[in-house]
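Structure first, then comments.
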Amino acid sequence: MAFYLTGDTHREFHRIQQFCERMETTTDDVMIILGDAGINYYCDHRDNTLKNELADLPITLFCIHGNHEERPYLTGNYEEKEWHGAIAYIEEAYPNLIFAKDGEIYDFNGKKAIAIGGAYSIDKYYRLSHGEAWFESEQADEEIMRYVEAQLDACDWQVDYVLTHTVPIECEPVWAFIPGFDQSRVDKTMEKWLQQIMDNLEFEKWYAGHYHVESEENGVRIMYEDYIRLDEDE
């Protein structure tokens, strides 16, 4: 069993299929997608069509929550089930499509990995004005934040891996921001909260997606279309 990581896919999984063929993976192997997998996007038959295609992939997908997708428990299709020592959202019909519950701490080959999804969509108003999907649940709310902090209290604020979609505010890749976009319009609540977590947490590695770049920023590995095997990234 191997655990791999990659960044956002936004409903495009051809590169994941190619990875599986190249690495000769099986469903015992896990690909961690660091948010915006896009599997729960339309919340109708179009998502089911995609799930049916992904069910044939020779790998298990473990998806952190992003901002351009609905939270699994709000779609009405998922059940909370135990997976690798913690709670995840799973549909019985698609056992290789797993969705993280924010704050849960998973056991990956003896390593503790906490999942903390969500982010603000800088294209929120464009989406709303053009009839595209925007999800009110995109960011972690106060209830989720309290749950994450309670889970960290329970493990004495010590984990091996942190898996997020966005990053602590001091780790933002500001060089990759859209030129001319007024950053004062961006809600940084999650980034500021994640910074508080980072400042108090003992961890080995922190991985995030969201920014569509490959970068190391102040202790966080930001990923997009590259791949890492967890036990080899030491």
Item to complete: With 29 Å as the limit, write out which pairs from LYS101/LYS192; LYS81/LYS188; LYS51/LYS192; LYS51/LYS188; LYS81/LYS192 have Cα-Cα distances beyond it, or answer none.
Response: LYS81/LYS188; LYS51/LYS192; LYS51/LYS188; LYS81/LYS192
Fill in: Distance between segment 143-209 and segment 3-26 - C-alpha centres, whole angstrom
25
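Report the FRET efficiency, 1/(1 + (r/R0)^6), for GLU53 and ASP107, where r is their Cβ-Cβ distance and R0 is 41 Å, rounded to 0.05.
So, using R0 = 41 Å, E works out to roughly 0.90.
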Worksheet item: Ignoring ligands, DNA and RNA, how do SER184, SER215 rank by accessible area with a 1.4 Å probe, largest first?
Response: SER184, SER215
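Rounded to the nearest 5, what % of DSSP beta bridges with both residues in segment 5-104 are antiparallel?
On the way: 8 of 17 bridges.
Of the beta bridges lying entirely in segment 5-104, close to 45 percent run antiparallel.
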Response to the item:
Karplus ³J(HN,Hα) for segment 69-81 (6.51 cos²θ - 1.76 cosθ + 1.60, θ = phi - 60°; Hz, whole; x = Gly/Pro) runs 5, 7, 5, x, 5, 8, 7, x, 9, 10, 10, 7, 9
Practice prompt. Take ASP123, project a point 7 Å from its Cα along the Cβ direction, then tell me which residues of segment 55-76 have their backbone nitrogen under 17 Å from it.
Written response: 66-70
Worksheet item: Which of these values of semi-axes √(5λ) of the Cα gyration tensor in Å was calculated from the structure shown: (1) 24, 22, 18; (2) 27, 21, 17; (3) 33, 20, 17?
Response: (1)
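The values are calculated or read from the model by the stated rules, or taken from the named source; none is laboratory data. Computed from a prediction, not measured in an experiment: that's the story for all the values here. Using ideal geometry, Cβ is built from the backbone for each residue, glycine included, and neighbour counts are taken over all protein chains shown. When the accessible area is computed, the model is the full protein with side chains, heavy atoms only, and any ligands, DNA or RNA have been set aside. Shrake-Rupley method; radii C 1.70, N 1.55, O 1.52, S 1.80 Å.
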